[in-house]
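The values are calculated or read from the model by the stated rules, or taken from the named source; none is laboratory data. Please read these numbers as outputs of a predicted model, since none were measured by experiment. When we count neighbours, we look across all protein chains shown, and the Cβ atoms used for this are built from the backbone with ideal geometry, even at glycine. For accessibility, only protein heavy atoms count, side chains too; no ligands or nucleic acids. Shrake-Rupley method; radii C 1.70, N 1.55, O 1.52, S 1.80 Å.
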Amino acid sequence: MKHYSACLFLAVISAIMVPSVYPEGGPIDPARRSELLSSVLIKSTLTALNHSNITGNYTVLRELGSPVFKENYTAADLATSFATLRSQKVDLSPVLLMTPQLLKPPFQDQEGRLHLQGSCSLLNQQRVDFHLVYQTVASGWLIEHISIGVNADTRQAANVR
């Protein structure tokens, strides 16, 4: 299990760095870079949460957090916070295939934290609504706040990438 957690951590950290790589040999315009970064952060965070819910182990999710996040939440605190979601066995893995829909453009607050708020369709007529906040540190963007809810998806069609 420790090997799996380490691999997940490395995969998520690597994924966060992906937007800095130039596709097809050219630089990414700033708007597209912001869109890619937002998508990677959303998908990697919700995937880490999904893995935590499946295993009941929130250690890796906590380690992906900022110093403030780690100070405020133990792995046990996170397990308690997401107990209802875990007991409902909500599968968040479809977020890897779906395009997150942001309610408003990503923005940084006065403290430099990045806010991403929106939703993403799941495959069972549900959607996950999220408000994710990240703090930048030397290693990249780290989780500072996670708020999610799962609701009926009333949208007609979901975008898949």
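How many percent of the accessible area of region 56-160 is carbon or sulfur, using a 1.4 Å probe? Carbon and sulfur together cover 51 percent of it.
Can you figure out the FRET efficiency of residue 91 with residue 138, using R₀ = 30 Å and their beta-carbon distance, to the nearest 0.05? Efficiency, rounded to the nearest 0.05: 0.35. Based on protein heavy atoms only, region 89-155 ends up with 52 Å² per residue of surface accessible to a 1.4 Å probe. Here residue 83 and residue 32 are evaluated by their C-beta separation; at R0 = 45 Å the FRET efficiency comes out at 0.75. Among the trypsin sites (Lys or Arg not before Pro) in region 66-158, those located in a DSSP loop and surrounded by at most 12 other Cβ atoms within 10 Å of their own Cβ are 89, 155.
Exactly which chymotrypsin sites (Phe, Trp or Tyr not before Pro) in region 53-161 are in a DSSP loop and have at most 13 other Cβ atoms within 10 Å?
Listed in order of number, the matching sites amount to none.
Across all directions, the average flat footprint of the convex hull enclosing the Cα atoms of region 29-89 is 4.7 nm².
Its Cα centre serving as origin, region 42-102 has a Cβ charge dipole (Lys and Arg +1, Asp and Glu -1) of approximately 100 debye.
If the chain linking residue 107 and residue 74 were pulled fully straight, counting 0.36 nm for each residue of separation and taking away their Cα-Cα distance, it would gain 9.1 nm.
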